[in-house]
1. Scan the stretch 348-358 residue by residue and report those that are surrounded by 21 or more Cβ atoms within 10 Å (Cβ to Cβ) and either within 18 Å of residue 121 (Cβ to Cβ) or modelled with pLDDT under 95 (or both).
2. Assess whether residue 67 counts as being under 21 Å from residue 312 (Cα atoms), loosely packed, with under 14 Cβ neighbours inside 10 Å and either in contact with a Cys (Cβ under 9 Å, 6 or more places away or on another chain) or at pLDDT below 95 (or both).
3. Output the number of the condition that residue 231 fails; it satisfies all remaining conditions of (1) more than 21 Å from residue 325 (Cβ to Cβ); (2) of a type outside the set (Phe, Trp, Tyr); (3) within 25 Å of the chain's Cα centre (by Cα).
4. List pairs: first in the stretch 131-151 and within 16 Å of residue 384 (Cα to Cα) and crowded, with 22+ Cβ neighbours inside 10 Å, second at pLDDT 95 or above and of a type in the set (Asp, Glu), Cβ under 8 Å, 6+ apart or cross-chain?
5. Determine which single condition residue 245 fails, assuming it passes every other condition in (1) among the aromatic types (Phe, Trp, Tyr); (2) closer than 22 Å to residue 320 by Cα; (3) without any contact (Cβ under 8 Å) to a residue 40 or more places away in the chain.
6. Among 217, 252, 242, which is assigned by TED's automatic domain parsing to the domain that holds residue 345 and under 24 Å from residue 161 (Cβ atoms)?
7. Kindly check whether there is at least one residue in the stretch 316-331 that is farther than 17 Å from residue 346 by Cβ, in the same structural domain as residue 356 (by TED's automatic domain parsing), without any contact (Cβ under 8 Å) to a residue 24 or more places away in the chain and in a strand (DSSP E or B).
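The values are calculated or read from the model by the stated rules, or taken from the named source; none is laboratory data. Bear in mind that the values here come from a model prediction, so they are computed numbers and not experimental data. Positions of Cβ are generated from backbone atoms using ideal geometry, with glycine treated the same way; all protein chains shown enter the neighbour counts.
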Amino acid sequence: MEPITLYLIAALLFVLGLAAAGGAIFGRKRGRRIALGISGLLLWSSALAGCNQANTTATATATATATAQPSAISTPSPVVAQTATQPVASPTAPPSPVDTPDQPVDQTSIPQFLGRIVFHSDRDGDLDIYSMNADGSDLQQLTDSPGRDFEPDWSPDGSTIVFSSDRDDPTNAQLYLMDADGSNQRPLMPFTPADYLGARWSPDGEWILFHSNLEVDGVPWFNIYKVRKDGSELTDLTGSVDNSFRPDWSPDGQRIVFTSERDGNREIYVMNADGSNPVRLTDNTGDDNQPRWSPDGSQILFESNRDGANMALYLMDAPSTDVTGPQEQAIHLLSFPGFNSQSASWADGGKLIVYSSDRDSALNENWDVYIMPADASAIYRLTTEKHLDRFPVWTGAVAQ
């Protein structure tokens, strides 16, 4: 019998039970009241049995239906993604942006990517630094301070990690260093009442680039700074009142790509390593942020919401040394724009890209670490905690 029929019969029996109960309560003759009370109990018992039978039938039907469908998590990885239909900016034929189904990727099918990834996560209550193998295995917690530890970066030789932390003052994040295993944690510079964020090692390992809101003309504008790895020779590279941040070195260490609000919204710029000759590279109404120069120097990876409300990943051709203005024609969409994809960096010499995304967060905000080939032909999910895992950075210099 169909579940709906069983539910209707159960409802009718329940109503008759109510009538019998009413007669038992308000009836005049004692014997009749007892009989009605017993009848009411029997009718309600029958109604309950009918509901249980309906539920069992409905569950069996749903189970049979689900069994007839392919399993939501049985898709082998890598998952070949659906092609996004959104047009791209490049006049040539760039790699197509991709998307994968919403199901989590089977962890056992992730290739054995070499190297190690460091990132920050709040999985233990507040932000701390973690590291793991590039296939998501061997997770290790490196920091456990009373404050927030975040935005790490490897030194070129993989021996040292620089990161931001407000462990000594919750209102001012400073830069700290630690060994690759989390030991020997120490401040990079003496404490200064300002935020020091977005640290990036120079290719030769001698300098650390970052942005800070140290005051300029009495106002705490964000500017780009560099400092030696021993904390000496702090140098302001932008020195302006326009908010510049998220810098990164070119592979030869001669130029710096960064984000700035000097022309209104956030755009990507490039300048010489000494701060001279800043040139704007993007020109659109969205926010372009966190540029990362490819290891071979040919491309710049960045995030932007230029094609909608979400942040997606984009690639642009690296600018020549004589670039004079925006090169929007050299930009194309890399990741599917239907999710937020952010804080990306290059891995394995430019063959891979590691990044954070909320693509599997459903209704609750959740950021995980993903890795994909540089052409975005497949996507692998490396973390599955229902927390914030962000700012992943890869190194191949750590002994495996």
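1. Within the stretch 348-358, 354, 355, 356, 357 qualify.
2. No; evaluated as a whole, the condition is false for this residue.
3. Only one criterion is unmet by residue 231, namely (3).
4. Final answer for the pair search is 134/348.
5. Tallying (1) among the aromatic types (Phe, Trp, Tyr); (2) closer than 22 Å to residue 320 by Cα; (3) without any contact (Cβ under 8 Å) to a residue 40 or more places away in the chain, residue 245 fails exactly one: (3).
6. Within the list 217, 252, 242, the selection yields 252.
7. no
Every residue, every condition in (1) over 13 Å from residue 226 (Cβ atoms); (2) modelled with pLDDT under 95, yes or no:
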{"residue": "246", "(1), (2)": "yes, no"}
{"residue": "250", "(1), (2)": "yes, no"}
{"residue": "272", "(1), (2)": "no, no"}
{"residue": "275", "(1), (2)": "no, no"}
{"residue": "278", "(1), (2)": "yes, no"}
{"residue": "282", "(1), (2)": "yes, no"}
{"residue": "286", "(1), (2)": "yes, yes"}
